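One structure is given here, and the rest of the page talks about it.
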Amino acid sequence: MPRLDKIGRRKFLRKFSLLVFFSFIILGFLKYSRIIFAWINSRGPSPNATSMDQVVAKTEKNYGPKINALAKEFDLPSSYLKALIILEVGGRNPAPTRFEKGIYKKLKKLKNGEISRFEVLRKKTIRDASDEALKNLSTSWGAFQIMGYKCVQMGIKVSDIRGSKSLYWGVKWINDEYGKYLRKNKFKDAFHIHNTGRKYPNFGAPQTYHLDYVPNGLKYIEMFEKLQT
């Protein structure tokens, strides 16, 4: 193979350097694209003091007594539970539902044997589930927006988190999943676990869909705590 002359080596090194540079740019974009898009999606107006006061008052009216009782029963901070209700459903009662198309597709793949498991679910768990049942499992329900398929690990039916005891089952799920963090007042971790299934990252931006999910939650906790004093 003929050796490159001096000019040829310079051209080769220049092209190689550009290739390395753009490779780092592309890899960096792929790594942080979720954060970038989350930042773009979160650029709506932040709630002002008046709107925050209003939603706190609405949540206290709609859920206050029941949440206070459940918080005492499970030894959880009521201020966190109420703040979470605001983040998830804006304090509305009855709470809206949200169908997750991505979850539905994964459950379809699980039922069809295209994947072997999805979190705690196995194919045998949903082999007899109708399409309507899969949609119910792929929908978030209640004031805490608990996904339908979470019922499997609690040993209950979707109708339980949709019915009159939906608040109870929602608080129980929170207690079982990350109650230990709440009893240590690790609210940043708790909010992040509820939204993403993981603790708040030690480095970098949060992985929540909206970057202000956790900060707003912490603000609402403070507001509910002031109401209790």
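The values are calculated or read from the model by the stated rules, or taken from the named source; none is laboratory data. Being a predicted model, the structure only gives us computed values, none of them experimental. Cβ coordinates were reconstructed from backbone atoms using ideal geometry, including for glycine residues, and neighbour counts include every protein chain displayed. Side chains included, ligands, DNA and RNA excluded: accessible areas come from the protein's heavy atoms. Shrake-Rupley method; radii C 1.70, N 1.55, O 1.52, S 1.80 Å.
If you go through the stretch 101-112 and pick out every residue that is touching a residue at least 12 places away in the same chain (Cβ under 8 Å) and in contact with a helix residue (DSSP H, G or I) (Cβ under 9 Å, 6 or more places away or on another chain), you end up with 6. In summary, residue 192 fulfils each of the numbered conditions (1) open to solvent by 30 Å² or more (accessible area, probe 1.4 Å); (2) farther than 17 Å from residue 89 by Cβ with the single exception of condition (1). Against the conditions (1) free of Cβ contacts under 8 Å to residues at least 60 places away in the same chain; (2) over 11 Å from the mean Cα position of the chain (by Cα); (3) within 26 Å of residue 157 (Cα to Cα), residue 202 satisfies every one except (3). The test for being open to solvent by 90 Å² or more (accessible area, probe 1.4 Å), acidic (Asp, Glu) and modelled with pLDDT of 65 or more holds for residue 75. Residues being in contact with a strand residue (DSSP E or B) (Cβ under 7 Å, 6 or more places away or on another chain) and among the polar types (S, T, N, Q): count how many of those fall in the stretch 166-187. Going through the stretch 166-187 one residue at a time, the tally reaches 1. It is to be established whether one or more residues within the stretch 152-159 are open to solvent by less than 40 Å² (accessible area, probe 1.4 Å) and not aliphatic (A, V, I, L, M). The answer is no, given that none of the residues of the stretch 152-159 is open to solvent by less than 40 Å² (accessible area, probe 1.4 Å) and not aliphatic (A, V, I, L, M).
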